[in-house]
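Reading through the structure tokens given below for one structure.
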Amino acid sequence: MSIIDNISEVRRRFQSEADKTKNSKDLEQLRITFLGRKGLISSMFERMSEIDPKDRGVFGKSLNEFKTYVSNRLDEVGLTLKETKSRDKSVDFSLPGIKSFSGGLHPLTLVMDEIIDVFRGMGFKVETGPEAETVYYNFDALNTLDWHPARDLTDTFYLDVPADIPLNWVMRTETSPVQIRVMENQKPPIRIIAPGKTYRKDKPDASHSPYFMQVEGLYVDKGVTMADLKGTVLAFYRAIFGKDTKTRFRPHFFPFTEPSAEVDVSCIFCKGEGCRVCKQSGWLEMGGSGMVDPIVLEGVGIDPEIYTGWAFGLGIERIAMFKYGVDDIRLFYENDLRFLEQF
């Protein structure tokens, strides 16, 4: 059975098990089985690379529609179970009621899930790594030399470890170490994204936080060019902000890419005309990108004479602030229900 045919089989299985659900415990197990991080739907997304490129769009659309159907059906079953329980004669309706609050996903989780869905639709796998990293993976393997200011105590959280542990450890400053770990253990072609939490010694204000979330992408194969990077980034931002979104690349410097570029998108508020948010420029700065430096490829045992690659990074909070019109990054971490209930 092909992976495409498998959707119908999984749908039939879900419908059968949903009809048999009798209590909240069964409902939660059903949700984990189909919508969990290691559930059936996630596993089918992971197998996207098995699909012929010309069929990935149709398959991705069908799988997303199925995911939405499962989510809605679970809500229906949950409501039915709740109504059935409320009719139970053992319930004393004379007792004072308990005020309930409807839960929901955190806005950063909503944006993260949307980003992952977009890249999965383009054939990228999701990879993760430890938040406490060695200096080697966080700096050395990424060609960040000893003199670079990012290695200073004023910029990076260094961890106190027992004297018998020979390596220096930090809280990772970006998710790029995941790229190194993947390249050490996989041979090209490599097409991944690495979402996760990162940490830097930034003073908290409206646009900075000492902890934040990133997504970084990596594509390594024969014949990979800057044009591939620009096309992928443009397709991504159009999926997030709308089909009329434009991008531009400005020359920049990053230790692990050469050439390197900052990525801007046309302002989603003024459509490039100039406003307060974009400081009258018509553009919003989104993150860094570039071709993977040959020194980095050599360090993980990939021959830069045969393979090339590109990488990019972007902040989840920054995208969430633009999508939802939030003007202070601290709101995402203060757990104020008045703010979170809006999502």
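The values are calculated or read from the model by the stated rules, or taken from the named source; none is laboratory data. Just so it is clear, the structure is predicted and the values come from calculations on it, not from any experiment. Counting neighbours? That spans all protein chains shown, and the Cβs are built from the backbone with ideal geometry, glycine included.
Within this structure, Ala194 fails the test of being over 24 Å from Arg248 (Cα atoms) and either surrounded by fewer than 17 Cβ atoms within 10 Å (Cβ to Cβ) or modelled with pLDDT of 95 or more (or both). Among the residues of the range 71-90, those identified as closer than 21 Å to Leu27 by Cα and either in contact with a Ser or Thr (Cβ under 8 Å, 6 or more places away or on another chain) or at pLDDT below 85 (or both) are Val77, Gly78, Thr80, Leu81, Lys82, Glu83, Thr84, Lys85, Ser86, Arg87, Asp88.
Based on what the data block shows, is Asp155 assigned to a loop (DSSP other than H, G, I, E, B), in contact with a strand residue (DSSP E or B) (Cβ under 8 Å, 6 or more places away or on another chain) and surrounded by fewer than 16 Cβ atoms within 10 Å (Cβ to Cβ)?
Values: assigned to a loop (DSSP other than H, G, I, E, B): yes; in contact with a strand residue (DSSP E or B) (Cβ under 8 Å, 6 or more places away or on another chain): no; surrounded by fewer than 16 Cβ atoms within 10 Å (Cβ to Cβ): yes.
Spelling it out, it is not the case that Asp155 is assigned to a loop (DSSP other than H, G, I, E, B), in contact with a strand residue (DSSP E or B) (Cβ under 8 Å, 6 or more places away or on another chain) and surrounded by fewer than 16 Cβ atoms within 10 Å (Cβ to Cβ).
Checked against (1) surrounded by 12 or more Cβ atoms within 10 Å (Cβ to Cβ); (2) of a type in the set (A, V, I, L, M, F, W, C); (3) outside any loop (DSSP other than H, G, I, E, B), Leu79 meets all criteria but (1). Please give the number of the condition Val170 fails out of (1) surrounded by fewer than 18 Cβ atoms within 10 Å (Cβ to Cβ); (2) outside any helix (DSSP H, G or I); (3) touching a strand residue (DSSP E or B) at 6+ places or on another chain (Cβ under 7 Å). Checking Val170 against (1) surrounded by fewer than 18 Cβ atoms within 10 Å (Cβ to Cβ); (2) outside any helix (DSSP H, G or I); (3) touching a strand residue (DSSP E or B) at 6+ places or on another chain (Cβ under 7 Å), the one that fails is (1).
Are any residues in the range 230-273 over 23 Å from Gly325 (Cα atoms), surrounded by 14 or more Cβ atoms within 10 Å (Cβ to Cβ) and not aliphatic (A, V, I, L, M), and if so, which ones? Steps first, please.
Here is the first cut: in the range 230-273, the residues over 23 Å from Gly325 (Cα atoms) are 230-232, 249-261.
Now restrict to residues that are surrounded by 14 or more Cβ atoms within 10 Å (Cβ to Cβ): 230, 232, 249, 252, 254-261.
Listed by number, the residues that qualify are Lys230, Thr232, Phe249, His252, Phe254, Pro255, Phe256, Thr257, Glu258, Pro259, Ser260.
Answer yes if at least one residue in the range 153-171 is touching a helix residue (DSSP H, G or I) at 6+ places or on another chain (Cβ under 8 Å) and acidic (Asp, Glu), and no otherwise. Scanning the range 153-171 turns up at least one residue that is touching a helix residue (DSSP H, G or I) at 6+ places or on another chain (Cβ under 8 Å) and acidic (Asp, Glu).
Here's the yes/no breakdown for (1) surrounded by 21 or more Cβ atoms within 10 Å (Cβ to Cβ); (2) assigned to a strand (DSSP E or B); (3) touching a residue at least 24 places away in the same chain (Cβ under 8 Å):
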{"residue": "Pro304", "(1), (2), (3)": "no, no, no"}
{"residue": "Gly309", "(1), (2), (3)": "yes, yes, yes"}
{"residue": "Arg318", "(1), (2), (3)": "no, no, yes"}
{"residue": "Met321", "(1), (2), (3)": "yes, no, no"}
{"residue": "Asn335", "(1), (2), (3)": "no, no, no"}
{"residue": "Arg338", "(1), (2), (3)": "no, no, no"}
{"residue": "Gln342", "(1), (2), (3)": "no, no, no"}
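Among the residues making up the range 272-288, those that are on the phi < 0 side of the Ramachandran plot and touching a Ser or Thr at 6+ places or on another chain (Cβ under 7 Å) are Trp283, Gly288.
Given the structure, is Arg31 assigned to a helix (DSSP H, G or I), under 22 Å from the mean Cα position of the chain (by Cα), farther than 30 Å from Ile190 by Cβ and not hydroxyl-bearing (Ser, Thr, Tyr)?
Numbers: assigned to a helix (DSSP H, G or I): yes; under 22 Å from the mean Cα position of the chain (by Cα): yes; farther than 30 Å from Ile190 by Cβ: yes; not hydroxyl-bearing (Ser, Thr, Tyr): yes.
For Arg31, the condition - assigned to a helix (DSSP H, G or I), under 22 Å from the mean Cα position of the chain (by Cα), farther than 30 Å from Ile190 by Cβ and not hydroxyl-bearing (Ser, Thr, Tyr) - is met.
With respect to the stated conditions, Ile295 is within 20 Å of Ala150 (Cβ to Cβ) and surrounded by fewer than 19 Cβ atoms within 10 Å (Cβ to Cβ). Being surrounded by 10 or more Cβ atoms within 10 Å (Cβ to Cβ), within 20 Å of Ala311 (Cβ to Cβ) and polar (S, T, N, Q) is a property that Thr84 lacks.
Residue check: Asp164 meets all listed conditions (1) surrounded by fewer than 15 Cβ atoms within 10 Å (Cβ to Cβ); (2) at pLDDT 90 or above; (3) out of contact with any strand residue (DSSP E or B) (no Cβ under 8 Å at 6 or more places or on another chain) but one, namely (2).
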